[in-house]
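To keep things clear, I will list the structure first and then write my remarks on it.
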Amino acid sequence: MDIALILTGAPGSGKGTQATHLARRHDLTHLSTGDLFRDHITRDTELGRTARQLIDAGHYVPDELTNEMVRDHIERNAPDGRIILDGYPRTLAQVDFLDTLLDGLIVVNLVVAQAELQDRLERRGRSDDLADVVRQRLAIYATESEPVLAAYRERGLLHDVDGSGDLDEIARRIDDALATGRSIAVDRF
Ligand code: ADP
């Protein structure tokens, strides 16, 4: 059995950048729910039209739509479970759904101070990066995603990693956390 990696962190924590590097270094399939939604928006699919309005207002896409999209992507691209999830799961309903898809998980949580997050996002300038929308996204993250972290922490799967500073340095910290997480997970499964 292989172990899937979940990379969590607030909007602006750098999880997308780190997930891309990690996927390359460890030969994993990178699944970013944000990227998948943006792809649907570009292709103007039905899901894309629904997602666009919600994303631009700083809201989440409903769990049912998100879960189905993830299931489909995993079945097509990573049936062996060698995957890195970026931006998923973000709600407890998504945590429960993911448990039905994959069984070995390691969760790395990138920790960055709130003021730095706000600053990074406003500088990035995506269509959902306007100041008001950024505040809304950070607020939703705090209410919806904190219980997700708590659930994984309780299971002993969560590793907090300092997400500030140099990109290579952060990548090294993540690799260290993975090495620790793997040895714990191997004992467990
Ligand atoms: P960020 O981490 O900066 O918010 P993402 O690219 O991961 O950026 O996500 C962009 C937007 O896509 C989110 O604000 C949300 O509206 C939507 N989204 C992404 N992942 C999920 C998810 N797992 N559940 C619901 N909505 C999601």
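The values are calculated or read from the model by the stated rules, or taken from the named source; none is laboratory data. This is a predicted model, so every value here is computed, not measured. Here Cβ is always computed from backbone atoms with ideal geometry, including for glycine, and neighbour counts include all displayed protein chains. Surface areas here come from the heavy atoms of the whole protein model, side chains and all, with no ligands, DNA or RNA. Shrake-Rupley method; radii C 1.70, N 1.55, O 1.52, S 1.80 Å.
Worth pointing out:
- Within segment 138-157, at least one residue is in contact with a strand residue (DSSP E or B) (Cβ under 6 Å, 6 or more places away or on another chain), surrounded by 18 or more Cβ atoms within 10 Å (Cβ to Cβ) and not hydroxyl-bearing (Ser, Thr, Tyr).
- The sole residue among 34, 81, 87 that is touching a residue at least 40 places away in the same chain (Cβ under 8 Å) and touching a helix residue (DSSP H, G or I) at 6+ places or on another chain (Cβ under 6 Å) is 87.
- Residue list for segment 77-100, filter: polar (S, T, N, Q) and either more than 10 Å from the ligand (Cβ to nearest atom) or under 21 Å from residue 178 (Cβ atoms) (or both): 77, 100
- Selected residue [hydroxyl-bearing (Ser, Thr, Tyr), at pLDDT 95 or above, out of contact with any strand residue (DSSP E or B) (no Cβ under 7 Å at 6 or more places or on another chain) and closer than 30 Å to residue 162 by Cβ] from 33, 20, 50, 45: 33
- Of the criteria (1) more than 23 Å from residue 53 (Cα to Cα); (2) in contact (Cβ under 8 Å) with a residue 60 or more places away in the chain, which one residue 133 fails: (1)
- Of all residues in segment 7-57, those satisfying the criterion of being surrounded by fewer than 17 Cβ atoms within 10 Å (Cβ to Cβ) and of a type in the set (Ser, Thr, Tyr) are 17, 20, 42, 45, 50.
- Index of the failed condition, residue 112 passing every other in (1) modelled with pLDDT of 90 or more; (2) touching an Asp or Glu at 6+ places or on another chain (Cβ under 6 Å); (3) open to solvent by less than 50 Å² (accessible area, probe 1.4 Å): (2)
- Scoring residue 105 on the criteria (1) among the hydrophobic types (A, V, I, L, M, F, W, C); (2) closer than 30 Å to residue 155 by Cα; (3) crowded, with 20+ Cβ neighbours inside 10 Å; (4) within 12 Å of the ligand (Cβ to nearest atom) leaves a single failure, condition (4).
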